[in-house]
Amino acid sequence: MTDSRLDKRVLVVDDELDMLILLSKVISRKCGCEVKTADSADAAFAMFDTWLPDVVLTDIKMPGMDGLEFLQKISQYDSTVTTIIMTAYGTIEMAVQSLKEGAYDFFEKPFDNEKIVHAVSRAIERTQLLRENLKLQHRLTEKQRATGFVGQSKRLKQTLDLLARLAPSRATVLIRGESGTGKELAARALHAMSNRSNRKMITVNCPALPEQILESELFGYRKGAFTGADSDKDGLFLKADGSTLLLDEIGDIPVSVQTKLLRVLQEREIQPLGQTSTIRVDVRVLASTNQNLEAKIEQGEFREDLFYRLNVMAVTMPSLSEIRNDIPILAQHFLEVYSREHNRPDLELTPEALECLLRRPWKGNIRELQNTINRAVLLCNGNRITPADLVGSGEEEGELTGGIGLSSQTCFLNLPYKQAKEEVLSYFSRSYLANALTATGGNVSAAARQSRMERQAFQRLMRRYGIKSGEFR
């Protein structure tokens, strides 16, 4: 159940009247929100149907329903409500248990008013982030479902509108953008929305093929054209006749092949190697690149006339920094995809993990975010993905300090010390075990020897962190 209000609401629950009066005055004045109070958990929960709070600040020891049971009922009613536990001396263990049950924070009485105000303000932000994320999940347009793109940012919508306008034509389109921004997905969207969608789109990974092989793959050849040409072979242009051909990373095509490609774009015909006549083809050409083609032209590495033939229409894919507001819905989308793929249906991203994702610089763009979520789904311990689960490899994080990425350190610094320490240790242990098992192909004995550990001790750690050797074979 969710609530669409824009105002902020805090519910304070305690069986001490003086405490209710004090907190009500402090929070309403300092946090700028509406505050209501209740002297028992039962009375508080009865208010939820007519007055759903953003944050519940509750004592843990009360007559009737205690704080832990109250916390469980709140979570079942609306998991976006953020709960802060207050506890008197002697009930610290219950407070720690409440954190494990999903409480956002806890304070021991007597407490500092400013710290409570700060915690409530952050709790309100957490609830708003969770609720906004839920709204985004249900606002995908039909156009987005058709193209495979996920997001609601203005920049992404502009890109999708441009793709939709270009799709019906046969115009050549140059798709530009940084690595990991979805250039191939844009090409597939253009094809899917065109009148050629009933035929398969052909994709050529240009950097993966040496010059001679690339030429024969694109244009085909006839028997005897060169040593080893024992029979005729149709090229990819001929296979794409009536369909779409994507030249992926076209900036890496050799100049000799560029010349022949220019003829295809100009004349709409190909000439297989070893054949004197040409063949007419009806192929829509799409090209993608993450390189600066203008600079390559100046350096003599790319033909200027080919560039203008390719650049009839250009689409520049936005970097993740340009569509940062889409990070929560993208993260949730990838979480659902990989939860199904890895058979882990009960996983959820904690609000702290979402905050971490929003702050992190994404040099690898959407692909890096996708890989990060995939990795977290595979390695997280339990059903809640925390900031510790989102720490990437050295290549993804760039400069590392003590094995933990600098951007992720910021996430840990926002957690209570003990929780941050536990999550860093948990991440390190799971990453170490996974690395050892990956290196040995899932052989536990070999991984233990490599780690200079007893096999039994290694297995105990595997059980503690939910790691199975079969996943690495």
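The values are calculated or read from the model by the stated rules, or taken from the named source; none is laboratory data. Here the structure is a predicted model, which means the values were calculated and not measured. As a convention, Cβ positions derive from the backbone with ideal geometry for all residues, glycine included, and neighbour counts pool all protein chains shown.
Considering the range 193-208 alone, what residues qualify as being of a type outside the set (S, T, N, Q) and either surrounded by fewer than 18 Cβ atoms within 10 Å (Cβ to Cβ) or in contact with a Leu (Cβ under 9 Å, 6 or more places away or on another chain) (or both)?
The initial filter retains those residues of the range 193-208 that are of a type outside the set (S, T, N, Q), namely 193, 196, 199-202, 204, 206-208.
Passing the criteria: M193, R199, K200, M201, I202, V204, C206, P207, A208.
In the list L52, L23, which residue meets the criterion of being part of a helix (DSSP H, G or I) and at pLDDT 90 or above?
Working: L52 fails: part of a helix (DSSP H, G or I).
Every option except L23 fails the conditions.
For every residue, the table says whether it meets (1) part of a strand (DSSP E or B); (2) closer than 16 Å to L390 by Cβ; (3) modelled with pLDDT under 90.
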site: P318; (1), (2), (3): no, no, no
site: I323; (1), (2), (3): no, no, no
site: A331; (1), (2), (3): no, yes, no
site: L335; (1), (2), (3): no, yes, no
site: D346; (1), (2), (3): no, no, yes
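Looking at this structure, is R284 within 37 Å of the chain's Cα centre (by Cα) and surrounded by 14 or more Cβ atoms within 10 Å (Cβ to Cβ)?
Working: within 37 Å of the chain's Cα centre (by Cα): yes; surrounded by 14 or more Cβ atoms within 10 Å (Cβ to Cβ): yes.
Yes.
Picking from L218, L190, which residue would you name as being surrounded by 18 or more Cβ atoms within 10 Å (Cβ to Cβ), at pLDDT 90 or above and of a type outside the set (G, A, S)? It would help to see each step written out before you state the result.
Values: L218 fails: at pLDDT 90 or above.
One residue alone meets the criteria, L190.
Report, by residue number, each residue of the range 53-84 that is closer than 13 Å to S40 by Cα and in contact (Cβ under 8 Å) with a residue 60 or more places away in the chain. Selection gives L57 alone.
Each row is one residue, and each column tells you yes or no for (1) assigned to a loop (DSSP other than H, G, I, E, B); (2) at pLDDT below 90; (3) basic (K, R); (4) assigned by TED's automatic domain parsing to the domain that holds E269.
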position: E184; (1), (2), (3), (4): no, no, no, yes
position: L214; (1), (2), (3), (4): no, yes, no, yes
position: G224; (1), (2), (3), (4): yes, yes, no, yes
position: S231; (1), (2), (3), (4): yes, yes, no, yes
position: G251; (1), (2), (3), (4): no, no, no, yes
position: S256; (1), (2), (3), (4): no, yes, no, yes
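Taken together, M462, M453 contain a single residue that is modelled with pLDDT of 70 or more, surrounded by 13 or more Cβ atoms within 10 Å (Cβ to Cβ), part of a loop (DSSP other than H, G, I, E, B) and over 26 Å from the mean Cα position of the chain (by Cα), which is M453.
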